[in-house]
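What follows is a short report on a single structure.
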Amino acid sequence: MNYFTALLVSAGLPVLGLNATGPAPIPPTAPTPPLAAPAASGWPPAGVASEAAALATIRAVTTAAQAAPTSALPAPNAASGTVSPNPAPSAAPTTPADAAETLIAWTNQARAQAGLPPYTVNSTLMALAQARAQALAQGPFTSDLPGLGWPIQMETAAGIQAQAMGAENIAVAPTLAEAFQLLMASPPHRANLLSPYETQIGVGVAPDGNGWAISELFIGPNL
């Protein structure tokens with residue numbers, strides 16, 4: 001039993017996974033390496049001249065969540081493959097709270113296009129994500145933040161109990177629109193935004209001197 005599995009067990013939380021025979025324990029994975037160009041179309045995003053320019057504009061990593069059993073959750077609509085990564089036009093937010101609300105609105109618009117229900121805003125996740133965004137703005141750029149740890153550690157300490165926990169998107173970008181477009185163009189980040197397994201969201205945004213530092217946390221239905 002590794003550290004993260006032990007953490008879940010000691011907290012009385014289920015460790016869930018998916019395989020051909022049903023739920024099986026899986027631990028959270030470490031973050032992926034810094035964002036690389038996916039093979040799918042749509043990269044670099046429109047308006048970005050090259051992969052190098054895109055990577056210079058934003059860095060993003062994601063952590064994986066434990067997936068809940070498919071029988072308990074809705075399947076994604078087939079239209080999800082055609083969701084546009086471009087956010088709807090809106091006035092540029094000027095405060096972190098407005099920026100977080102804007103990202104949630106864009107995310108739920110994309111979920112509606114994919115035939116998925118909107119994320120419910122979880123006030124506890126919002127507070128955790130804001131703390132993580134502020135830490136990201138100060139550096140380092142990681143999901144294992146000094147003094148805060150991994151998302152699932154903060155969620156467990158805050159008393160959250162859900163069927164899927166530990167998923168996070170983090171990003172640093174000059175504008176919210178660039179961050180959202182690039183996250184949607186990256187398959188693992190898009191998977192969190194359009195996940196049928198997570199049902200609740202918390203978003204934190206903090207100014208970092210050159211733009212915005214962003215943490216997006218996702219959890220599944222409460223136990």
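Within the bounds of the range 185-203, is there any residue that is surrounded by fewer than 24 Cβ atoms within 10 Å (Cβ to Cβ) and part of a strand (DSSP E or B)? Yes, there is a match, as at least one residue in the range 185-203 is surrounded by fewer than 24 Cβ atoms within 10 Å (Cβ to Cβ) and part of a strand (DSSP E or B).
Among residues of the range 133-158 that are farther than 19 Å from residue 212 by Cα, those with a Cβ under 6 angstrom from a residue that is among the hydroxyl-bearing types (Ser, Thr, Tyr), sequence gap 6+ or separate chain, pair up as 158/124.
Please tell me if residue 133 is surrounded by fewer than 22 Cβ atoms within 10 Å (Cβ to Cβ) and either of a type outside the set (A, V, I, L, M, F, W, C) or outside any strand (DSSP E or B) (or both).
no
For the range 106-118, residues that are under 14 Å from the mean Cα position of the chain (by Cα) and either over 12 Å from residue 195 (Cα atoms) or open to solvent by 10 Å² or more (accessible area, probe 1.4 Å) (or both) total 2. Within the range 138-155, the set of residues being open to solvent by less than 30 Å² (accessible area, probe 1.4 Å) and either part of a helix (DSSP H, G or I) or of a type in the set (Gly, Ala, Ser) (or both) comprises 143, 149, 151, 152, 154, 155. Of all residues in the range 204-223, which are farther than 21 Å from residue 160 by Cα, in contact (Cβ under 8 Å) with a residue 40 or more places away in the chain and open to solvent by 20 Å² or more (accessible area, probe 1.4 Å)? Correct list: 207, 208, 209, 212. In summary, residue 122 fulfils each of the numbered conditions (1) modelled with pLDDT of 95 or more; (2) crowded, with 23+ Cβ neighbours inside 10 Å; (3) under 18 Å from residue 99 (Cβ atoms) with the single exception of condition (2).
The values are calculated or read from the model by the stated rules, or taken from the named source; none is laboratory data. Every value quoted in this text rests on a predicted model; they were computed, and no experiment measured them. Note that we place each Cβ from the backbone using ideal geometry, even for glycine, and neighbour counts take in every protein chain shown. What goes into the accessible areas is simple: the full protein's heavy atoms, side chains included, and nothing from ligands, DNA or RNA. Shrake-Rupley method; radii C 1.70, N 1.55, O 1.52, S 1.80 Å.
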